[in-house]
Amino acid sequence: MTASVKNVIKILNEIAPPSLAEEWDNVGLMAGHLGMPVRVVLCALDFSADVLAQAEELHANLIVTHHPAIFQSIRRLTDEDWRTALLLEAVEKGIAVFSAHTNLDSAVGGVNDVLAELLCLDNRETLCAIQEGRLAGLGRVGYLPQPMELGAFAEAVKQKLGLAHVTVVSAGKPVRKVAVCSGSGMDFLQEAVRSGADTYVTGDVKYHDAQDAQGRGINVIDGTHQGTELIVVNHFADRLALRLSKEGYAVRVLVAREKPVLTVL
């Protein structure tokens, strides 16, 4: 059975309900026709020129990204800005673009659950619950099976995220109870401290945030914004492919090849 963009979006919204998105966020269909047939979906972290080129090469009709292709308000859809130029190019080539951002961060089985599972955290709870007693919400908190020294845990984070390096803020504590928040999570440092975590894994850690963490007595490991989120793409693609198959849709779901945006020389 042939799926339309609208059919695929219905499933995507069940995996990552739009109601879970933060008020400031922009999620959903960014560009494209709802009735357009979809035979190939390409999943990626970012909507970029490289991802669009891969979509064209793979004959994809729909690109599904985590980071919104349109984040800040735009007044013109022209080729003067690289972002809108890419959207125009996608539409001209018959490729729709959909984004699931903070709703995928907060969803059960979403980015933060994948990150917590990868780091082997048990007895997980939500760092910033949307409703008390429910798992949906930003971030997760859980326990390692056995305590580890910070250096050993940082090395494990680096290996499991496939990173060349991580940045560590030491508060002089061993690691047992760990809070995680994918992407840029230092706005939730207070919640991590309040949870009783001795270590916080997130991305985009700034110098003064690191000082604040040390002062509050919590270790921080910066696994980078991209590193703490890229891990979800394969998982998300697998879930989407399974749901499409169960619904009887003949759709291939592929994963884009994405290079690190930031590198250390």
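The values are calculated or read from the model by the stated rules, or taken from the named source; none is laboratory data. Note that the structure is predicted; figures quoted are calculated from it, not measured. Here the Cβ is made from the backbone with ideal geometry for all residues, glycine too, and neighbour counts use every protein chain on show. These accessible areas exclude ligands, DNA and RNA; they are computed on the full protein's heavy atoms, side chains included. Shrake-Rupley method; radii C 1.70, N 1.55, O 1.52, S 1.80 Å.
One table, with the values for the structure above:
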{"quantity": "Exclusive hit being surrounded by fewer than 16 Cβ atoms within 10 Å (Cβ to Cβ) and either hydrophobic (A, V, I, L, M, F, W, C) or on the phi > 0 side of the Ramachandran plot (or both), set Leu12, Leu34, Leu20, Leu29", "calculated": "Leu34"}
{"quantity": "Residue match in the stretch 163-170 (condition: farther than 24 Å from Lys259 by Cα, outside any loop (DSSP other than H, G, I, E, B) and not aliphatic (A, V, I, L, M))", "calculated": "no"}
{"quantity": "Test: Asp79 is touching a His at 6+ places or on another chain (Cβ under 8 Å), more than 21 Å from Glu247 (Cβ to Cβ) and part of a loop (DSSP other than H, G, I, E, B)", "calculated": "no"}
{"quantity": "Lone unmet requirement of (1) in a helix (DSSP H, G or I); (2) of a type in the set (D, E, K, R); (3) surrounded by fewer than 20 Cβ atoms within 10 Å (Cβ to Cβ); (4) touching a residue at least 12 places away in the same chain (Cβ under 8 Å) for Lys173", "calculated": "(1)"}
{"quantity": "Residue list for the stretch 124-161, restricted to those being under 11 Å from Asn112 (Cβ atoms) and either among the small types (Gly, Ala, Ser) or in a helix (DSSP H, G or I) (or both)", "calculated": "Ala136, Gly137, Gly139, Gly142"}
{"quantity": "Matching residues, the stretch 113-170, being under 17 Å from the mean Cα position of the chain (by Cα) and exposed (fewer than 13 other Cβ atoms within 10 Å of the Cβ)", "calculated": "Gly162"}
{"quantity": "From Glu125, Glu92, Glu117, residue being of a type in the set (Asp, Glu), farther than 20 Å from Arg239 by Cα and free of Cβ contacts under 8 Å to residues at least 24 places away in the same chain", "calculated": "Glu92"}
{"quantity": "Answer residue from the stretch 82-111, given it is open to solvent by less than 10 Å² (accessible area, probe 1.4 Å) and part of a loop (DSSP other than H, G, I, E, B) and is farthest from Glu23 (Cα to Cα) among those", "calculated": "Ile95"}
{"quantity": "In the stretch 184-228, the residues that are over 16 Å from Asp105 (Cβ atoms), under 20 Å from the mean Cα position of the chain (by Cα) and in contact (Cβ under 8 Å) with a residue 60 or more places away in the chain", "calculated": "Ile221"}
{"quantity": "Matching residues, the stretch 37-56, being closer than 21 Å to Gly227 by Cβ, in a helix (DSSP H, G or I) and open to solvent by less than 60 Å² (accessible area, probe 1.4 Å)", "calculated": "Val51, Gln54"}
{"quantity": "Filtered residue count, the stretch 205-223, keeping only those that are under 17 Å from Ala154 (Cβ atoms) and either modelled with pLDDT under 95 or open to solvent by less than 40 Å² (accessible area, probe 1.4 Å) (or both)", "calculated": "9"}
{"quantity": "Lone unmet requirement of (1) surrounded by 16 or more Cβ atoms within 10 Å (Cβ to Cβ); (2) modelled with pLDDT of 95 or more for His59", "calculated": "(1)"}
{"quantity": "Boolean, Val253 is open to solvent by 20 Å² or more (accessible area, probe 1.4 Å), under 26 Å from Ser99 (Cα atoms) and either among the aliphatic types (A, V, I, L, M) or in contact with a His (Cβ under 8 Å, 6 or more places away or on another chain) (or both)", "calculated": "yes"}
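The rows are residues; the columns are (1) closer than 25 Å to Val111 by Cα; (2) among the aliphatic types (A, V, I, L, M); (3) under 19 Å from the mean Cα position of the chain (by Cα).
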site	(1), (2), (3)
His33	no, no, no
Pro37	no, no, no
Ala44	yes, yes, yes
Phe71	yes, no, yes
Leu77	no, yes, no
